[in-house]
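Read the structure below first, then the notes.
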Amino acid sequence: MTTVPDHVFEAADELLTAIEREHDVSTALAAARGSHAWGAASPESDYDVGFVFVPDDLRRYAHLEEPPATIHETADGDEIELQGRDVRTFARLLADSNDGAIDLLRSSIQYRTAYDPTDLAEYIERTYNPIALYHAWRGIATGNYRKYISHHLVRTDDETVPILEMLEDAYVVETDDGTATIPADDERFAETQTKPTVKRNLTICRAAMSARYLKATGERGTHELPALEFERFLSEQAPAVFEPDRIELARDLLERKRRGEGATTIGDAVGREFARPPADIDPEVHAGDGPETERLDAFVDELIAAVR
C-alpha cells in the first residue's frame, strides 16, 4: 500500500476547510480514491480525495435552490484533487451498489473521519447487489479498452468504432449489431490516436479481473468482493480463479505503474477477449436486492449526526 506525505494530509485538510466555508457544508468522511487507494501510485501520481459532506442547514434540501450534490476542487498545481458528494447522493450511490462509493468506504487512507465508516462498510459489503457491481466493473474495462486500446475510427460526430480488420481499401469495424465495412476514403471517419499505456492496461486489467472474479465466485455459491488493494487481491484471491500467467501479467503492470512507467506505450497487453467480460450473466445467480433503503437512511442519520 502506498503512503501519503504529511504535507498532502495538511493541504487536503486545508482545502476541505475552505470548501466547507465556501459552500456551508461539513465533511463527514474523506478518504483516498484512485491509485493511492488501491496501491498503484507512483512518485508522480496525483492525490485523489473523495469526501462526503452534509449541508450545515438541512432546510436547504427543501429550498428551490438546493445545496450542491457534488463539489470538485483542485489544489497545489493539481497535485490534489477533491471530489465530494452530499450525503443524500452518496446514499443513493450505495443503494445502487456503485463501485466508487463502495471503495470510498473501504479505503484505508483516510483524511477526515468525523464519521467512522466501519459499520456502514461492513453492511454494504454484506448487501451490495453483485450484478450491479459486475456491470460497473465490466463497463470500466470495456469502456477503457474501446477508448484507449482498440485501434478505432472516429466519426465527425465523435462516435468511435473499433477496427477489427484493415483491408486494402476499407476497414472492417465492430458495431452494436455485429460488423460493418467502411471505405478507407470515407471522409466522415479518421483513424484515432490511441493510448495503450501501462496505466490504461492496468486499469482495464484490474476492472476485468474484478468483474470476472465476482462472477466466478458467485457461480461457486458466494459472491466474494475483491480486495480494494490490488496486490492483496492478486496474492490472496486471484489464484482461486485465474491462471498464473494472468496474475503475473497483472502484477507486472502494477509494478511498472508503481515505478513511474504509467505513461509508457506497450500496446494491448490485456487482450481484447479478456478485457470484455460477458454482457449477459444469469440474474437468478448474480442479482440481489441490494442495501435496504430504511437501513441506509439510518446510516444517513448517523453521518449527519457526526458533524452536527
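The values are calculated or read from the model by the stated rules, or taken from the named source; none is laboratory data. What you see is a predicted model; the values in this text were computed from it and never measured. Glycine gets a Cβ as well: all are built from the backbone with ideal geometry, and neighbour counts include every protein chain shown.
Below are the figures for this structure:
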| quantity | calculated |
| --- | --- |
| Leu105 being within 19 Å of Asp13 (Cα to Cα), assigned to a strand (DSSP E or B) and modelled with pLDDT of 95 or more | no |
| Residue match in the stretch 195-209 (condition: out of contact with any Asp or Glu (no Cβ under 7 Å at 6 or more places or on another chain), of a type in the set (D, E, K, R) and at pLDDT below 85) | yes |
| Test: residue in the stretch 221-237 that is on the phi < 0 side of the Ramachandran plot, over 21 Å from the mean Cα position of the chain (by Cα) and modelled with pLDDT under 95 | yes |
| Matching residues, the stretch 207-227, being over 19 Å from Phe274 (Cα atoms) and buried (at least 18 other Cβ atoms within 10 Å of the Cβ) | His223, Leu225, Ala227 |
| Set Asp57, Asp78, Asp46: member being modelled with pLDDT of 95 or more and acidic (Asp, Glu) | Asp57 |
| Members of the stretch 84-97 found to be in a loop (DSSP other than H, G, I, E, B) and out of contact with any Phe, Trp or Tyr (no Cβ under 9 Å at 6 or more places or on another chain), listed by number | Asp96 |
| Residue check for Ile19: in a helix (DSSP H, G or I), hydrophobic (A, V, I, L, M, F, W, C) and in the same structural domain as Thr113 (by TED's automatic domain parsing) | yes |
| Residue that is nearest to Arg259 (Cα to Cα), among those in the stretch 164-211 that are touching a helix residue (DSSP H, G or I) at 6+ places or on another chain (Cβ under 9 Å) and aliphatic (A, V, I, L, M) | Val198 |
| Filter result for Leu64 (free of Cβ contacts under 8 Å to residues at least 40 places away in the same chain, in the same structural domain as Leu105 (by TED's automatic domain parsing), not in a helix (DSSP H, G or I) and not small (Gly, Ala, Ser)) | yes |
| Pairs with Cβ under 7 Å, 6+ apart, first in the stretch 147-159 and over 24 Å from Phe274 (Cβ atoms), second part of a loop (DSSP other than H, G, I, E, B) and not β-branched (Val, Ile, Thr) | Arg155/Arg188; Thr156/Arg188 |
| Residue list for the stretch 256-270, filter: closer than 17 Å to Phe230 by Cα and either exposed (fewer than 13 other Cβ atoms within 10 Å of the Cβ) or β-branched (Val, Ile, Thr) (or both) | Arg259, Val270 |
| Which listed residue is out of contact with any Lys or Arg (no Cβ under 6 Å at 6 or more places or on another chain), farther than 30 Å from His151 by Cα and without any contact (Cβ under 8 Å) to a residue 24 or more places away in the chain, from Pro283, Pro244, Pro239, Pro291 | Pro239 |
| Top-ranked residue in the stretch 132-164 [being crowded, with 21+ Cβ neighbours inside 10 Å, of a type in the set (A, V, I, L, M, F, W, C) and over 16 Å from the mean Cα position of the chain (by Cα); ranked as modelled with the lowest pLDDT] | Val161 |
